[in-house]
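> Below: one structure in structure tokens.
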Amino acid sequence: QVQLVESGGGLVQAGGSLRLSCAASGMIFSFNAMAWYRQAPGMQRELVAARSIGGYTNYADSVKGRFTISRDNAKNAVYLQMNSLKPEDTAVYYCNAKTSAVAYWGQGIQVTVSS
């Protein structure tokens with residue numbers, strides 16, 4: 001059983017920064033990709049950023065230039081540095097990790113950006 005545990009969320013003013021962390025525990029696999037998704041109230045869950053084990057990254061257009069995803073493959077951890085935060089970034093952020101067969105999700109962590 002794999003568990004993903006997120007940390008680092010909270011309340012921040014517009015223009016501020018937060019760094020989210022996600023660590024995997026349990027039966028650790030070498031994840032092909034690790035990513036961050038978010039879901040705002042009344043909205044569908046959307047991909048924020050993803051990083052493959054080889055270092056390829058993919059970002060939502062709305063966060064390009066502001067957010068940076070990084071991985072520590074040895075620790076099976078993924079991070080999301082969020083700068084220049086906007087009120088529209090307010091959401092529950094979820095960590096996601098994929099093997100070739102299974103996708104795992106964290107429990108989610110709240111990020112609230114006040115104007």
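The values are calculated or read from the model by the stated rules, or taken from the named source; none is laboratory data. Source: prediction; values computed, not measured. Using ideal geometry, Cβ is built from the backbone for each residue, glycine included, and neighbour counts are taken over all protein chains shown. We work out accessible area using only protein heavy atoms, side chains counted, and drop any ligands, DNA or RNA first. Shrake-Rupley method; radii C 1.70, N 1.55, O 1.52, S 1.80 Å.
> Restricted to the stretch 83-93, and to residues that are touching a Lys or Arg at 6+ places or on another chain (Cβ under 7 Å) and surrounded by 21 or more Cβ atoms within 10 Å (Cβ to Cβ), which residue is nearest to A14 (Cα to Cα)?
Initial filter on the stretch 83-93 (touching a Lys or Arg at 6+ places or on another chain (Cβ under 7 Å)): 83-84, 91-93.
With surrounded by 21 or more Cβ atoms within 10 Å (Cβ to Cβ) added as a condition, the list becomes 91, 93.
Values: A91: 14, Y93: 17 Å.
For the stretch 83-93, the residue satisfying everything is A91.
> Please go through the stretch 88-101 and pick out each residue that is farther than 20 Å from S7 by Cβ, in a loop (DSSP other than H, G, I, E, B) and touching a residue at least 12 places away in the same chain (Cβ under 8 Å).
T99, S100, listed by residue number.
> Can you give me the number of residues within the stretch 100-115 that are aliphatic (A, V, I, L, M) and either within 17 Å of G8 (Cα to Cα) or touching a Lys or Arg at 6+ places or on another chain (Cβ under 7 Å) (or both)?
Number of matching residues: 3.
> Quickly run through the stretch 42-90 and pick out the residues that are out of contact with any strand residue (DSSP E or B) (no Cβ under 8 Å at 6 or more places or on another chain) and among the aromatic types (F, W, Y).
If the condition is that a residue be out of contact with any strand residue (DSSP E or B) (no Cβ under 8 Å at 6 or more places or on another chain) and among the aromatic types (F, W, Y), then Y56 is the only one that fits.
> Ok, one more. Find the residue count for the stretch 94-113, including only residues that are open to solvent by less than 40 Å² (accessible area, probe 1.4 Å) and at negative phi.
9
> Using the structure shown, decide if A103 is touching a Cys at 6+ places or on another chain (Cβ under 8 Å) and modelled with pLDDT under 95.
No: the conditions fail for A103.
> Next up: Tell me, which residue of the stretch 8-36 that is of a type outside the set (A, V, I, L, M) and closer than 12 Å to T90 by Cα is surrounded by the most Cβ atoms within 10 Å (Cβ to Cβ)?
G9
> Out of L80, L85, L20, report the one residue that is part of a loop (DSSP other than H, G, I, E, B) and closer than 18 Å to V113 by Cα. Working first, answer last.
Numbers: L80 fails: part of a loop (DSSP other than H, G, I, E, B); L20 fails: part of a loop (DSSP other than H, G, I, E, B).
It is L85.
> Further question: Can you report the number of residues in the stretch 47-77 which are part of a helix (DSSP H, G or I) and surrounded by fewer than 16 Cβ atoms within 10 Å (Cβ to Cβ)?
The qualifying residues number 2.
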